[in-house]
Amino acid sequence: MTLLVKYCKSIRDSQWFDYFIIAVIIGAGIMVGVQTNEYVVATYGTVLNKIEGVILAIFVFEVLIKVIAEGRRPWLYFTNGWNVFDFSIVAFSLIEVVAEAETNFAPVLRLFRLARLMRIFRVMRAFPELQFLVETILKAVSSISYVGVLLLLLFYIYGTTGVFLFGANDPFHFGSLPQAMMTLFTMVTLEGWGDIMYTNMYGCANYGYDSMASLCTNSEASPIEAVCYFVSFVLLGTMIVMNLFIGVIMNSMEQVKAERESAEVDELEGNAEDTIVDEIYMLSQKLEKATENLNIITHLVKKGDW
């Protein structure tokens, strides 16, 4: 068993194994794209299924290698988040194989097929920079959610106000609260917000409703209200709130960078401690050997055989 563990560790830690898995991941990603072509699937479906089987077998082999490499503590494999992600993809792929064999699972088959697409994300393991970005985004999720709540409140307040002010003049954009909030979402991206503002500044009969004149039943120009409403929303929604997202991401990036540097320092200190312990152990072994030789010499001297 010890030899098997050592062999699996040597495979897991080897560079060629990493390159091989990366190549398989890229191949799996290409396979997902190829399978979107109905003609290719109809013509080469059998071959594609065999290739999928080989890819899945390789991923299962990878998981087994890494689990066995942990020796008597296989659960340590699951202490790494990336390993959990890899294992989940393999598990979903195996469930997909079972679902394909059972017609009763047909409705959920498409869901499990998404696991094939998720394999592409495993390429991030090969690039520390991509891992850094992913960790940054995950670190920022909680803070981003609060910014999202703030933005939702802003949408709700401005959406309600927009329905009251411009609902009669511009029913296409502000006819209801959901329509108004979707309009505001579009405006946050700065897509066509000027046209929407001009429609409510000059009235729908004078601007913006040429192709849908039937909706313009109550044209009403609101130049002052429209300018104050739209300019203030763009300033708050785009210039301030959206920049908060960037600020949260940058702050999380600094935190992840500091955590990585701290982990590297701890690892170096741990390696230094391990080296010192190893050296002390070797010195103690040499001292014991020297003591044994000295005892032998002393015994020979006493017997007169020296």
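The values are calculated or read from the model by the stated rules, or taken from the named source; none is laboratory data. As the structure is a computational prediction, the values presented were derived from the model and not from experiment. When we count neighbours, we look across all protein chains shown, and the Cβ atoms used for this are built from the backbone with ideal geometry, even at glycine.
What do you reckon, is ASN206 surrounded by 19 or more Cβ atoms within 10 Å (Cβ to Cβ) and either in contact with a Phe, Trp or Tyr (Cβ under 6 Å, 6 or more places away or on another chain) or in the same structural domain as SER142 (by TED's automatic domain parsing) (or both)? Walk me through it before giving the result.
Values: surrounded by 19 or more Cβ atoms within 10 Å (Cβ to Cβ): no; either in contact with a Phe, Trp or Tyr (Cβ under 6 Å, 6 or more places away or on another chain) or in the same structural domain as SER142 (by TED's automatic domain parsing) (or both): yes.
Criteria not met by ASN206.
Across segment 160-180, what is the total count of residues that are part of a helix (DSSP H, G or I) and crowded, with 22+ Cβ neighbours inside 10 Å?
5
Is it the case that PRO171 is touching a Cys at 6+ places or on another chain (Cβ under 9 Å) and free of Cβ contacts under 8 Å to residues at least 60 places away in the same chain?
Details: touching a Cys at 6+ places or on another chain (Cβ under 9 Å): yes; free of Cβ contacts under 8 Å to residues at least 60 places away in the same chain: yes.
Considered against the rule, which asks whether it is touching a Cys at 6+ places or on another chain (Cβ under 9 Å) and free of Cβ contacts under 8 Å to residues at least 60 places away in the same chain, PRO171 comes out as yes.
Do you know which residues across segment 181-196 are closer than 19 Å to GLU225 by Cα and exposed (fewer than 14 other Cβ atoms within 10 Å of the Cβ)?
The answer is GLY192, GLY194, ASP195.
Within segment 65-87, track down each residue that is without any contact (Cβ under 8 Å) to a residue 24 or more places away in the chain and under 17 Å from VAL24 (Cα atoms).
Across segment 65-87, the qualifying residue is only ASN83.
Which pairs turn up if I take residues in segment 39-51 that are more than 19 Å from VAL24 (Cβ to Cβ) and look for partners that are at pLDDT below 85 and exposed (fewer than 11 other Cβ atoms within 10 Å of the Cβ) with beta carbon separation below 8 Å, at least 6 apart in sequence or on another chain?
Close Cβ pairs (under 8 Å, with a partner that is at pLDDT below 85 and exposed (fewer than 11 other Cβ atoms within 10 Å of the Cβ)) do not exist here.
Residue check: is VAL32 among the aliphatic types (A, V, I, L, M), modelled with pLDDT of 85 or more, in the same structural domain as ILE89 (by TED's automatic domain parsing) and surrounded by 11 or more Cβ atoms within 10 Å (Cβ to Cβ)? Talk me through it step by step, then tell me what you get.
Values: among the aliphatic types (A, V, I, L, M): yes; modelled with pLDDT of 85 or more: no; in the same structural domain as ILE89 (by TED's automatic domain parsing): yes; surrounded by 11 or more Cβ atoms within 10 Å (Cβ to Cβ): yes.
It is false that VAL32 is among the aliphatic types (A, V, I, L, M), modelled with pLDDT of 85 or more, in the same structural domain as ILE89 (by TED's automatic domain parsing) and surrounded by 11 or more Cβ atoms within 10 Å (Cβ to Cβ).
So the check is Cβ under 8 Å with 6+ separation or different chains; which pairs have a first residue in segment 230-259 that's in a helix (DSSP H, G or I) and a second one that's of a type in the set (S, T, N, Q)?
Between residues of segment 230-259 that are in a helix (DSSP H, G or I) and residues that are of a type in the set (S, T, N, Q), the close pairs are PHE230/ASN200; VAL248/SER143; ILE249/THR136; ASN251/SER143; SER252/THR136; SER252/SER143; MET253/THR136; VAL256/THR136.
Can you go through THR183, THR199 and tell me which one is within 20 Å of LEU235 (Cα to Cα), part of a helix (DSSP H, G or I), polar (S, T, N, Q) and within 33 Å of the chain's Cα centre (by Cα)?
On the way: THR199 fails: within 33 Å of the chain's Cα centre (by Cα).
Going through THR183, THR199 in turn, just one is within 20 Å of LEU235 (Cα to Cα), part of a helix (DSSP H, G or I), polar (S, T, N, Q) and within 33 Å of the chain's Cα centre (by Cα): THR183.
Of (1) of a type outside the set (Phe, Trp, Tyr); (2) within 30 Å of PHE132 (Cα to Cα); (3) modelled with pLDDT of 65 or more, ALA272 satisfies all except one. Which?
Checking ALA272 against (1) of a type outside the set (Phe, Trp, Tyr); (2) within 30 Å of PHE132 (Cα to Cα); (3) modelled with pLDDT of 65 or more, the one that fails is (3).
Which of the residues that make up segment 186-196 are part of a helix (DSSP H, G or I) and touching a residue at least 12 places away in the same chain (Cβ under 8 Å)?
Of segment 186-196, the ones part of a helix (DSSP H, G or I) are 186-188, 193-196.
Within segment 186-196, MET187, VAL188, TRP193, ASP195, ILE196 meet the criteria.
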